[in-house]
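Notes to accompany the following structure.
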Amino acid sequence: MSKDPNEYLQKGMYGAKKTLIDERRHYLGSLRERVYLTISPEQLQNDYFLKAFEKEIKQHPNGKLLLNGKYDLSDFEMFIQVAQKNKLAFTLVSNEYSETSPVALIYTATDAVNEPTIDVAEKYPVEKETEKTEKKPSLFKRFFS
């Protein structure tokens, strides 16, 4: 119990103080320091990012999956299957945080991990296929060779 009566009254009237509210809104109630990987709604349909998510689970098997409740559950179907295959707990977050978060899926830890890069596109960049075009011999070389 707090020694300051004003603090005690404030806590009774308004509830406990919340820390890092903006960060919790962005990361579906979690904190940035606990996040391993984030996936945006546009990246959900890409098989490459699904494989990247599976790699992340294998590297950090004790994580928890947070799914944004403002998106349709069918959007997460493949990710849920991967989570179940790896016996990973997941939670569908449908509260004030889900409405304001730009992230569709977050793979998080229970304690601070401080990953330097958490966006799936930055952490696992898509390798662009280099197109090899055949060089046609120039007209000059065709006649004089």
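Here are some notes:
- Whichever residue in segment 43-63 is of a type in the set (S, T, N, Q) and surrounded by fewer than 16 Cβ atoms within 10 Å (Cβ to Cβ) and, among such residues, is nearest to Val120 (Cα to Cα): Asn46
- Within this structure, Leu9 fails the test of being of a type in the set (A, V, I, L, M), more than 11 Å from Tyr107 (Cβ to Cβ) and at pLDDT 95 or above.
- Only one of the numbered conditions (1) modelled with pLDDT of 95 or more; (2) part of a helix (DSSP H, G or I); (3) aromatic (Phe, Trp, Tyr) is violated by Phe140, and that is (1).
- Residue within segment 38-45 that is at pLDDT 95 or above, under 12 Å from the mean Cα position of the chain (by Cα) and under 19 Å from Val113 (Cα atoms) present: yes
- Given (1) surrounded by 14 or more Cβ atoms within 10 Å (Cβ to Cβ); (2) at pLDDT below 95; (3) of a type in the set (A, V, I, L, M), index of the condition Leu73 fails: (1)
- Any hit, segment 117-125, residues being over 24 Å from Leu44 (Cβ atoms) and at pLDDT 70 or above: no
- Residue count for segment 46-55, restricted to those that are within 12 Å of the chain's Cα centre (by Cα) and at pLDDT below 95: 0
- When we screen Leu73, Leu66 for residues that are without any contact (Cβ under 8 Å) to a residue 60 or more places away in the chain, farther than 26 Å from Glu127 by Cβ and more than 12 Å from the chain's Cα centre (by Cα), the only hit is Leu73.
- Conditions (1) at pLDDT below 95; (2) touching a helix residue (DSSP H, G or I) at 6+ places or on another chain (Cβ under 8 Å); (3) under 21 Å from Val126 (Cβ atoms); number of the one not met by Ser101: (3)
- Candidate set: segment 80-103, residues that are of a type in the set (S, T, N, Q) and out of contact with any Phe, Trp or Tyr (no Cβ under 8 Å at 6 or more places or on another chain); chosen: the one surrounded by the fewest Cβ atoms within 10 Å (Cβ to Cβ): Asn95
The values are calculated or read from the model by the stated rules, or taken from the named source; none is laboratory data. This one's a predicted model, so the numbers in the text were calculated from it and none came from an experiment. Please note: Cβ atoms are built from the backbone with ideal geometry, for glycine as well, and neighbour counts cover all protein chains shown.
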